[in-house]
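To keep things clear, I will list the structure first and then write my remarks on it.
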Amino acid sequence: MNRLFHASVAENKQLIKNHYLLTLRPLENIKKPKPGNFFMVAVDNGLDPLLKRPISIHRWLDGDFQLLYRVAGKGTSILGGKKPGDILEILGPLGNGFPLNIKSENIILVAGGLGIAPIFALAELLRKRNPSLFCGARTKNEVLCTDELKDIGIDPVVATDDGSSGKKGNIVNVLKEHIKTSHVTDNILFACGPEPMLKALSTLAEKLNLQGYIALEQHMACGLGTCLGCVVKTTKGYKRVCKEGPVFPIEDILWE
Ligand SMILES: Cc1cc2nc3c(=O)[nH]c(=O)nc-3n(C[C@H](O)[C@H](O)[C@H](O)COP(=O)(O)OP(=O)(O)OC[C@H]3O[C@@H](n4cnc5c(N)ncnc54)[C@H](O)[C@@H]3O)c2cc1C
Ligand code: FES
């Protein structure tokens, strides 16, 4: 199997302003990614930008696969201009992915904003185990994938900062209330989202003695474990997000 491969763009659909769903068709055999794996995507054939950009697997569609991304800067803005038939050079799947030998019956998934990109892949895989999914976003139109989640039998709990969809406020507080009122003790968390959300979640996990895993989205250069550009401080020393991660036990991360 090739880790460096080419894929043609089948569709690059704009969902809302600056958010795209990219469907890719690999032109060579590739390894099936697991939830939490990511791909390093070359957004251009030229030298600028030189570095590939890391994007999580969102959905695997029997050979084709989808990436859900937000335009953050130069690289993702070039990606936003891709048309059906364009060919991209891609490396992956990379990273450890979420652990899948889950014993707990009470699986809680938490997605903040674009964190739904990798969390959707996990939700789809675990859907028969009825996971609870908590989605936070700034405002209503940034709550993504709700129809697709319903299609796979998952009705997410939503919270928005401005109260325009679901509960008003922070998704971690909504989760805290849920855990308090459900009286279930063997919850296990899986989360991806902006750093402040992950920090708040790790504080909650420590307080309530919850087990869990978080997917980090650190800046990356090589994606292969050689440049050390993506290290994070953990209780077990410095770890490379691209190699030992991007998924880490929630209690291992030492936040700056
Ligand atoms: C393992 C992994 C998985 C990811 N999965 C997704 C995904 O599924 N969908 C998605 O939209 N994005 C994802 N990202 C983030 C994505 O890689 C960055 O947004 C992208 O590389 C930005 O490239 P750019 O050239 O557009 O922006 P740049 O010009 O490189 O940066 C633009 C701005 O974004 C900031 N930025 C760049 N990279 C990151 C980052 N990793 N985290 C936070 N801020 C950053 C920069 O500081 C700058 O302010 C993932 C990142 C990692 C490491
Ligand atoms: S990006 Fe180079 S070591 Fe992780």
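The values are calculated or read from the model by the stated rules, or taken from the named source; none is laboratory data. None of these values were measured; they are calculated from a predicted model. Don't worry about glycine lacking a Cβ; one is built from the backbone with ideal geometry, like all the others, and counts go over all protein chains shown. All accessible areas refer to the heavy atoms of the entire protein, side chains included, with ligands and DNA or RNA removed. Shrake-Rupley method; radii C 1.70, N 1.55, O 1.52, S 1.80 Å.
Of the strands (runs of 3 or more DSSP E) contained entirely in the range 10-120, those carrying at least 2 residues that are more than 20 Å from the chain's Cα centre (by Cα) and touching a residue at least 40 places away in the same chain (Cβ under 8 Å) fall at 87-94. Among the residues of the range 121-149, the ones that are in a helix (DSSP H, G or I) and among the small types (Gly, Ala, Ser) come to 2 in all.
Within the option set Leu51, Leu27, Leu21, Leu15, being over 18 Å from Gly97 (Cβ atoms), aliphatic (A, V, I, L, M) and within 16 Å of ligand 2 (Cβ to nearest atom) holds for one residue only, Leu51. Quickly run through the range 198-230 and pick out the residues that are within 12 Å of ligand 1 (Cβ to nearest atom), farther than 20 Å from Pro93 by Cβ and open to solvent by 40 Å² or more (accessible area, probe 1.4 Å). Once the filter is applied, which keeps residues that are within 12 Å of ligand 1 (Cβ to nearest atom), farther than 20 Å from Pro93 by Cβ and open to solvent by 40 Å² or more (accessible area, probe 1.4 Å), the range 198-230 yields nothing. Across the range 139-188, the qualifying residues are those that are of a type in the set (S, T, N, Q) and under 19 Å from Ile214 (Cα atoms), and the one among them that is modelled with the lowest pLDDT is Asn187.
Of all the residues in the range 42-66, those that are within 13 Å of ligand 1 (Cβ to nearest atom) and either open to solvent by 60 Å² or more (accessible area, probe 1.4 Å) or in contact with a helix residue (DSSP H, G or I) (Cβ under 7 Å, 6 or more places away or on another chain) (or both) number 11.
Note on the range 78-117: residues that are under 25 Å from Gly136 (Cβ atoms) and more than 16 Å from ligand 2 (Cβ to nearest atom) amount to 20.
Among the residues of the range 198-256, write down those that are polar (S, T, N, Q) and closer than 23 Å to Pro33 by Cβ. Within the range 198-256, Gln218, Thr226 meet the criteria. The combined condition, being open to solvent by 30 Å² or more (accessible area, probe 1.4 Å), in contact (Cβ under 8 Å) with a residue 40 or more places away in the chain and over 27 Å from Ala10 (Cβ atoms), is fulfilled by Ser132. Number of residues in the range 245-256 that are within 16 Å of the chain's Cα centre (by Cα) and buried (at least 18 other Cβ atoms within 10 Å of the Cβ): the value is 5.
Just to check your reading of the model, which residue among Arg3, Arg59 is touching a strand residue (DSSP E or B) at 6+ places or on another chain (Cβ under 9 Å) and more than 21 Å from Leu216 (Cα to Cα)? Selected residue: Arg3, the only one of Arg3, Arg59 that is touching a strand residue (DSSP E or B) at 6+ places or on another chain (Cβ under 9 Å) and more than 21 Å from Leu216 (Cα to Cα).
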